[in-house]
Every structure is written in structure tokens, then in C-alpha cells.
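Shown next, in C-alpha cells, is the structure this report addresses.
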């Protein structure tokens with residue numbers, strides 16, 4: 001069985017709070033992690049005290065802060081169920097499509113922003129993309145435990161599925177209209193493209209709208225996770 005290690009104080013604490021199926025938690029000898037220990041005992045999660053050397057050997061990120069939660073694997077969500085959950089709350093679905101984001105730090109940061117700005121879920125492709133791993137969990141500061149993530153075979157087909165369910169597809173690209181002039185108050189999915197390349201031509205052609213972040217400096221583009229946060233803030237503000 002493949003295991004996923006959730007590393008660091010904040011990610012582990014958020015995983016416990018969100019009822020992630022944790023097999024056990026390893027804590028380094030001499031570490032004082034009262035909040036995590038109390039939460040784990042409330043949830044009847046097994047605790048193991050181990051040497052720091054053991055944690056260093058187990059860690060995938062080398063930033064474990066003395067605690068690692070061991071889970072069986074990450075459970076991906078179903079896109080249709082994400083939409084149904086939003087509608088059951090009488091909310092307009094708001095999804096993020098992270099197309100070909102290969103850097104796990106960027107994907108983690110996007111997931112963190114998505115959770116902060118009340119998106120209902122994140123969609124990633126199975127191929128040519130980072131998966132939900134230890135680095136993504138840590139970079140999301142635990143947000144990966146609180147938001148649904150769907151992994152799909154084909155982004156283009158998934159966009160067709162979303163349109164059939166009434167969502168509008170908004171592409172983040174420098175060729176679009178100013179986001180400050182756009183009304184995001186609709187059921188939508190925001191498409192973010194690969195680092196350095198942006199959204200691919202075929203995917204862009206499937207989008208209903210193209211929106212850009214106005215940039216006034218000399219550098220022509222933003223890091224994808226920074227751009228994602230700005231776009232999500234604008235969407236959240238107008239919904």
C-alpha cells in the first residue's frame with residue numbers, strides 16, 4: 001500500500017481537524033506538541049513517539065517540524081459531487097482548473113488560495129501535472145485537507161462536462177479583458193495554465209471568457225500561484 005506523509009505542525013493539525021483518515025502520527029522525542037496531541041486523542045488517533053533520526057529518514061520534505069501523520073493515500077473527489085454539494089448549499093459552483101501545474105509548491109499554493117477564497121474544489125489532470133503529495137500538502141499549509149480535489153483524465157472533456165452542468169469557463173490569460181471590469185457573479189470554473197506557458201490553445205478555445213490581471217510594472221507576467229490568488233480574490237469579492 002502507498003502511504004502519504006503529512007508533515008509539519010500546521011498541515012498535521014488541519015488534517016486532524018478535517019477528519020482525514022490518519023493511520024497514526026509520529027512525534028519526535030522531546031517535542032512539545034500539546035495541541036496536536038490533544039486533538040489526536042479526541043479523535044482516537046494513535047500516537048507514536050520516535051527519534052528525530054527516524055523522522056528525518058521518513059520525511060519527504062525535510063521540513064517535518066517534529067511531527068508526521070501517516071495516511072493510506074489521498075482521496076480524490078468526484079467533480080459532479082463537488083458541484084452537487086455546492087448546489088445543495090444554494091451556492092453558485094466555483095471551481096479551479098489547474099491545468100498542467102507541474103511544480104508541487106505552486107499547486108499547494110493554489111489549493112491554499114482556493115480554500116481561503118471559498119472555492120468549492122480544484123480540478124487537476126492525471127498526466128503532466130503535480131499530484132497531491134507531501135510537498136503539496138505542506139505548501140498548502142493544510143488546506144489540502146479542507147477542499148475537494150478532483151483528478152481527471154482529460155481537461156478538455158471535463159470542461160465540456162462542466163458546461164453541461166451550467167458552469168461558465170473563465171480563462172486567466174494576458175490576452176483577456178481587465179478583471180476589474182468583469183462580473184464573476186455566476187457559476188464558474190477558473191482555468192489556470194502551466195508555469196511559463198499559460199493555458200494551452202485548445203483549452204483556451206473552449207473557454208467562454210478570457211480575463212487578465214492588469215500589470216503596471218516592467219515584468220510581463222506573474223508566478224501562476226500569485227496570479228491565482230489575485231484572480232480568486234477578485235472572484236470572491238464580486239460573488
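Measure nothing but the geometry: give the 0 to 90° angle between the long axis through the Cα atoms of 79-88 and the longest principal axis through the Cα atoms of the chain, rounded to 10°.
Once rounded, the angle reads 80 degrees.
How high is the FRET efficiency between residue 21 and residue 218 when r is their beta carbon distance and R₀ equals 45 Å, given to the nearest 0.05?
Computed FRET efficiency for residue 21 and residue 218: 0.40.
Can you bin the range 130-201 into rounded, prolate or oblate? Criterion: square roots of the alpha carbon gyration tensor eigenvalues sorted a ≥ b ≥ c, rounded for a/c under 1.5, prolate for a/b above b/c, oblate for the rest.
Prolate.
If I take every Cα pair under 8 Å that is 6 or more residues apart in the range 120-206, average their sequence separation and divide by the length, what percent do I get for the relative contact order?
Details: 77 pairs, mean separation 23.0, N = 87.
Worked out over the range 120-206, it gives 26 percent.
Under a plain spin-label model, where a point goes 7 Å from the Cα along Cα-to-Cβ, how far apart in nm are residue 62 and residue 84?
With each label point 7 Å from Cα toward Cβ, the separation is 4.5 nm.
Roughly speaking, what is the centre-to-centre gap between the range 141-186 and the range 217-239 when only Cα atoms are used, to the nearest Å?
Value for the Cα centre distance between the two parts: 14 Å.
Can you tell me which of 199, 136, 50 moves the most in a GNM of the chain? Springs connect C-alpha atoms under 10 Å apart.
50
Label the range 83-127 by shape, choosing from rounded, prolate and oblate, from the square roots a ≥ b ≥ c of the eigenvalues of the Cα gyration tensor; if a/c is under 1.5 it is rounded, and otherwise prolate applies when a/b is larger than b/c, oblate when it is not. List each step's numbers first, then the result.
Numbers: a/c = 3.89, a/b = 1.85, b/c = 2.10.
Because a/c hits 1.5 or more and a/b fails to exceed b/c, the range 83-127 counts as oblate.
Would you calculate the separation in nanometres between label points at residue 168 and residue 238, each defined as 7 Å from the Cα along the Cα-to-beta-carbon direction?
Taking the two extended label points, one gets 0.8 nm.
Taking the Cβ-Cβ separation of residue 226 and residue 50 as r and a Förster radius of 30 Å, what is the calculated FRET efficiency to the nearest 0.05? Write down the numbers at each step before the final one.
On the way: r = 37 Å, r/R0 = 1.24.
In this case the efficiency is close to 0.20.
Given only helices, namely DSSP H runs of n ≥ 4 each adding -39500 (n - 2.57), what is the per-residue ellipticity at 222 nm of the chain, to the nearest 500 deg cm²/dmol?
Mean residue ellipticity, 222 nm, calculated: -10000 deg cm²/dmol.
Against the longest alpha carbon principal axis of the chain, how many degrees, from 0 to 90 and to the nearest 10, is the axis of helix 155-164 turned?
That helix lies at roughly 70 degrees to the long axis.
Once the convex hull of the C-alpha atoms of the chain is built, how many Å³ does it hold per residue, rounded to a whole number?
For the chain, the hull spanned by Cα atoms encloses 140 Å³ per residue.
Please label the shape of the range 81-194 as rounded, prolate or oblate, based on the square roots a ≥ b ≥ c of the eigenvalues of the alpha-carbon gyration tensor (a/c under 1.5 means rounded; beyond that, a/b larger than b/c means prolate, else oblate).
Cα axes put the range 81-194 in the rounded bin.
Bear in mind these aren't lab numbers, they're just calculated from the coordinates by the rules spelled out. In this text the structure is predicted, and so the values were computed from the model without any measurement. Every residue, glycine as well, gets a Cβ built from its backbone with ideal geometry; the counts of neighbours run over all protein chains shown.
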